[in-house]
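Peer 1: Right, I'll just put the structure down here and ask away after.
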Amino acid sequence: MGNFLGKSKGETEEQEKPALSSPNGKKKRKRSAGTDDDAPGAGVCDDVLLNIFARLPARAAVACMVLSKHHHRLICSPEFRNLHCRLGPPLPCPHIAYVVTAPIKRRPEQEDPVTRFHGFHVPGAGLSDHAPMRTIVGEPYLDMTYVNTCNGIVLLADADFSAPCSCVLWNPAMADAAKEVTVPDPLPELESEYRVLGLGYGRRSKTYKVLLFRKQTHRKKPPHKNLRYSGGGGIRIEYSFVVYTVSNTENQPQLRTVLSDNLDAGISHESLYLDGTIYLLHVEKLFAFDVDDETVTTIDLPGEGARLESGLMEMYGRPCVYMYEGERWLLSLDHRWVQRFVTDNSGVSVAEKMLEAKLPSAMVLDFSNYAICWGYKPTLVSPESIVSVVNQGKERHLDGSAGMLRKLKPISEQDERRGQQATLDTVCFMEFLVSIMQKLPNDYQDVVEMSLTNVEGPFFSAEDRH
């Protein structure tokens, strides 16, 4: 029979062996299902994937890192970070991005705080991917206050002059993304102190730069009379703008002076970064620092003799100031002031409406414990990617003390809870304010004809209505 079928006994055994080994082959194919080749979107070009992920919110893009090792490498690459900065979706409107702070005392008998709590919030978007919320607390942030934001990086620094000068780069859209940067003083023998004015990004040079306000004290007779004095006895004080490059380059440049004429101490601590320019507000003028060219343009404030009523704000993607008697001015691309919205004598602004409304007594806002982050946009730019190599030694020292920090984690968690409790009123007020903004008409001119805020709503209980 074997000859009739045309198969020998050896041939039959050889054909049965693959059949018996076929289950093992299937198992091998199942094991290879977890490789990068079988990952979701593995057949899609990397350029297409990058363009898709770059249009996702920051938290959604981070969540895509778990798809595979290949996706993780793509999203962590510097090319993707730069692409996400350009193509990432903006925050929903209306929204308010702000940093709220609170000093922390661990015992009631303590007179001075031992640490400071910083909380970042974006009310209006709830817990969606558009609303990153992070907190940092610790002794290094005790004297730190908000300065500005650039490409999703929040800059914290001391509001007073100090030497050496340090600041904190913090990305609230990412976990554990806060790094301290210390600016080296090239001439420590001179009496120089510095104050951080802002962080900016040069699009052509692809570098991050910190703008500083330098104060130099000279104890000798001035060579000419145009220099400014403070006190007598041959002491004169010079103020100047200097720039420091923060980047991973081996040849770290020294501080460079960009402006030293006709400067005084009347520069606001907070600044505004927009499209490669850092804007600084003075009581009489506005300074525009071009990050790439490292040039400073002086712009007079609008209105002849008008009084400034607000800090520097952002509206329609441009710098904005609020002058006396309800005048709001926007700065155009050619550095000209355009009057965007004016309220007459009988009209009031939205903020004035809020102040006139009968809000619950528990919602008393402390205007000194928060700062609006004008121009904020969540990104995946990590402070580690832009911190200079001159700080790597300090970073290694901080990493070596990680064991001690783990032991102090329970204390930090207690401080964080104290900070959240101390800032709860401000957080509730901001959520309430955004809910009012969501009900505003598209034409802001109609706001002046609206009735005062009605306290009917989910934010208030029956006992709060009066």
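Peer 1: Checking the structure you have, find out if any residue of segment 89-107 is more than 30 Å from Asp143 (Cα to Cα), at pLDDT 50 or above and among the basic types (Lys, Arg).
Peer 2: no
Peer 1: Still on this structure, please answer the following. Please go through segment 63-81 and pick out each residue that is surrounded by fewer than 18 Cβ atoms within 10 Å (Cβ to Cβ) and either closer than 27 Å to Trp374 by Cα or hydroxyl-bearing (Ser, Thr, Tyr) (or both).
Peer 2: Passing the criteria: Ala63, Cys76, Ser77, Pro78, Glu79.
Peer 1: Do you know which of the residues in segment 264-286 that are assigned to a strand (DSSP E or B) and among the charged types (D, E, K, R) is farthest from Gly200 (Cα to Cα)?
Peer 2: Only one residue tops the list, namely Lys285.
Peer 1: Against the condition charged (D, E, K, R), under 24 Å from the mean Cα position of the chain (by Cα) and within 16 Å of Trp337 (Cβ to Cβ), how does Arg318 come out, does it pass? Write out each step before concluding.
Peer 2: Working: charged (D, E, K, R): yes; under 24 Å from the mean Cα position of the chain (by Cα): yes; within 16 Å of Trp337 (Cβ to Cβ): yes.
When the stated conditions are applied, Arg318 passes them.
Peer 1: So, one more: Restricting the search to segment 232-248, which residues are surrounded by fewer than 17 Cβ atoms within 10 Å (Cβ to Cβ), at pLDDT below 85 and over 18 Å from Leu169 (Cα atoms)?
Peer 2: Gly232, Gly233, Gly234, Ile235
Peer 1: Is there any pair with a first residue in segment 48-72 that is in contact (Cβ under 8 Å) with a residue 24 or more places away in the chain and a second that is open to solvent by 30 Å² or more (accessible area, probe 1.4 Å) and among the aliphatic types (A, V, I, L, M) whose Cβ atoms are under 8 Å apart and which are 6 or more apart or on different chains, and what are they?
Peer 2: Filtered contacts from segment 48-72: Asn51/Leu87; Ala54/Leu87; Arg55/Leu87; Ala58/Met174; Val62/Met174; Ser68/Ala42; His70/Ala42; His71/Met65.
Peer 1: For the structure I just gave you, tell me whether His84 is open to solvent by less than 70 Å² (accessible area, probe 1.4 Å), farther than 30 Å from Ala422 by Cβ and in contact with a Cys (Cβ under 7 Å, 6 or more places away or on another chain). So that I can check it myself, show each step before the final result.
Peer 2: Values: open to solvent by less than 70 Å² (accessible area, probe 1.4 Å): yes; farther than 30 Å from Ala422 by Cβ: yes; in contact with a Cys (Cβ under 7 Å, 6 or more places away or on another chain): no.
No, not satisfied.
Peer 1: So is Tyr194 closer than 19 Å to Val296 by Cβ, surrounded by 21 or more Cβ atoms within 10 Å (Cβ to Cβ) and either within 17 Å of the chain's Cα centre (by Cα) or among the basic types (Lys, Arg) (or both) or not? Don't jump to the end; show me each part of the working.
Peer 2: On the way: closer than 19 Å to Val296 by Cβ: yes; surrounded by 21 or more Cβ atoms within 10 Å (Cβ to Cβ): yes; either within 17 Å of the chain's Cα centre (by Cα) or among the basic types (Lys, Arg) (or both): no.
Considered against the rule, which asks whether it is closer than 19 Å to Val296 by Cβ, surrounded by 21 or more Cβ atoms within 10 Å (Cβ to Cβ) and either within 17 Å of the chain's Cα centre (by Cα) or among the basic types (Lys, Arg) (or both), Tyr194 comes out as no.
Peer 1: For the subset of segment 143-182 comprising residues that are open to solvent by 10 Å² or more (accessible area, probe 1.4 Å) and touching a Pro at 6+ places or on another chain (Cβ under 7 Å), which member is farthest from Thr245 (Cα to Cα)?
Peer 2: Ala178
Peer 1: Let me ask you something else. Restricting to segment 315-330, what's the tally of residues that are in a loop (DSSP other than H, G, I, E, B) and at pLDDT 85 or above?
Peer 2: Residues meeting the conditions: 1.
Peer 1: May I pose another question? List every residue pair whose Cβ atoms lie under 7 Å apart, where the two residues are 6 or more positions apart in sequence or sit on different chains, the first residue falls within segment 298-318 and is under 25 Å from Thr149 (Cβ atoms) and free of Cβ contacts under 8 Å to residues at least 12 places away in the same chain, and the second residue, located anywhere, is open to solvent by 40 Å² or more (accessible area, probe 1.4 Å) and among the aromatic types (Phe, Trp, Tyr).
Peer 2: none
Peer 1: Another one. In segment 80-104, what residues are among the basic types (Lys, Arg) and touching a residue at least 60 places away in the same chain (Cβ under 8 Å)?
Peer 2: Result: Arg81, single match.
Peer 1: For segment 389-434, list the helices (runs of 4 or more DSSP H) that sit wholly inside it and hold at least 2 residues that are surrounded by fewer than 16 Cβ atoms within 10 Å (Cβ to Cβ) and modelled with pLDDT under 50; which are they?
Peer 2: 392-400, 402-407
The values are calculated or read from the model by the stated rules, or taken from the named source; none is laboratory data. Note that the structure is predicted; figures quoted are calculated from it, not measured. Neighbour counts are summed over all protein chains in view; Cβ atoms, including those assigned to glycine, are modelled from backbone coordinates with ideal geometry. What goes into the accessible areas is simple: the full protein's heavy atoms, side chains included, and nothing from ligands, DNA or RNA. Shrake-Rupley method; radii C 1.70, N 1.55, O 1.52, S 1.80 Å.
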